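Engineer: Got a structure for you, questions after.
Please treat every number below as a calculation from the coordinates, not as lab data. Bear in mind the structure is a predicted one, so any value in this text is a computation, not a measurement. A quick note on method: Cβ atoms are made from the backbone with ideal geometry, for glycine too, and the neighbour counts reach across all protein chains shown.
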Amino acid sequence: MFESGHRHMLEDVLEKWRRGQTGPLPHLTSLQLLQALILIHEKAPVGRRILAQELEISDGTVRGLLERLAEQGIIRVNKSGAVLTGQGTSRLRKHLSELNIIKMQFLDGCELVPGKSATAIQLTGKYRPGMTGVPQRDEAVRSGAQGSIIIGFRGGRLVFPPDDIDASEMSPKEDKRLRGIFDPSENDLIVIGFASNKPRSLSGALAAVLTITGS
């Protein structure tokens, strides 16, 4: 993220995971790392147990992750848990900006996915005619979510691709809520991940986003 080419914050952190020339690589994906940083940012201070539960990884992996992040100056850890440093917050915000992410929001009781937890992510200018949402759904499922939905903003309307079905016809309540939360601009895209719980819905939304941003 801070060098030329396609090097990003997540690749940088994972590459520096090794201590010296030997040692195991982390059992951690870039998606899990991004989710961990977002969770630490939103819920700080965060303890190891919460991170292990929400990321569905072992306590040992979380311990190693926090050690490496602290070594790189991204977080600091005290008795209450982990918090992002100023550098960590700046790097995360820059990385999210490079992914075209403007805002993320958990949607409680979303009518579009009844009975599921849902997390919505707004991407600036990423709606394109012909999008189907299928690659995003498939990647969300691979991440452990149950699926994803994409909604574009065109001509002042929130629409479901590929047929540009008006969201106000599908759910007037959610159309109004999404407009109120995100205040979308032309060609913005809202990606909604849904799952049996909130952490997996975030994972699904992020996984879907990464198929669109190409990162």
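Engineer: Given labels modelled 7 Å from the Cα in the Cβ direction, how far is it in nm from Glu98 to Lys176?
Structural biologist: The two pseudo-label positions are separated by 4.1 nm.
Engineer: How big is the shadow of the Cα convex hull of the stretch 28-105, averaged over all directions, in nm²?
Structural biologist: 5.0
Engineer: At what distance in nm do the modelled label points of Ala44 and Asn78 sit from each other, each positioned 7 Å from its Cα along Cα→Cβ?
Structural biologist: Going from the Ala44 label point to the Asn78 one covers 1.1 nm.
Engineer: Next up: How large is ³J(HN,Hα) for each residue in the stretch 177-182, as worked out from phi by the Karplus curve 6.51 cos²θ - 1.76 cosθ + 1.60 (θ = phi - 60°), to whole Hz, x for Gly and Pro?
Structural biologist: 5, 5, 4, x, 6, 9
Engineer: Calculate, for Gln53 and Ser168, the FRET efficiency according to 1/(1 + (r/R0)^6) with r their C-beta to C-beta distance and R0 45 Å; round to the nearest 0.05.
Structural biologist: 0.75
Engineer: For the chain, what number results from the quotient of the Cα radius of gyration and 2.2 N^0.38 Å?
Structural biologist: Expressed relative to 2.2 N^0.38 Å, the Cα Rg reads 1.05.
Engineer: Mean separation of Cα pairs under 8 Å and 6+ residues apart, divided by the residue count of the chain: what relative contact order is that in percent?
Structural biologist: 19
Engineer: Please compute the length gained on full extension between His27 and Thr85, using 0.36 nm multiplied by the number of residues separating them and subtracting their Cα-Cα distance.
Structural biologist: That works out to 18.5 nm of additional length.
Engineer: What are the lysines whose alpha-carbon lies under 27 Å from the alpha-carbon of Lys198, with same-chain residues fewer than 8 places away excluded?
Structural biologist: Lys43, Lys79, Lys94, Lys103, Lys116, Lys126, Lys173, Lys176
Engineer: Over all alpha-carbon pairs of the stretch 92-215, lay out the pair-distance distribution in 5 Å bins, whole %, shortest bin first.
Structural biologist: So the P(r) values, bin by bin, are 2, 13, 23, 26, 23, 10, 2, 0.
Engineer: What does the helix-only formula give at 222 nm for the chain: each DSSP H stretch with n ≥ 4 adding -39500 (n - 2.57), the total divided by the residues, and the result rounded to the nearest 500 deg cm²/dmol?
Structural biologist: -13000 deg cm²/dmol
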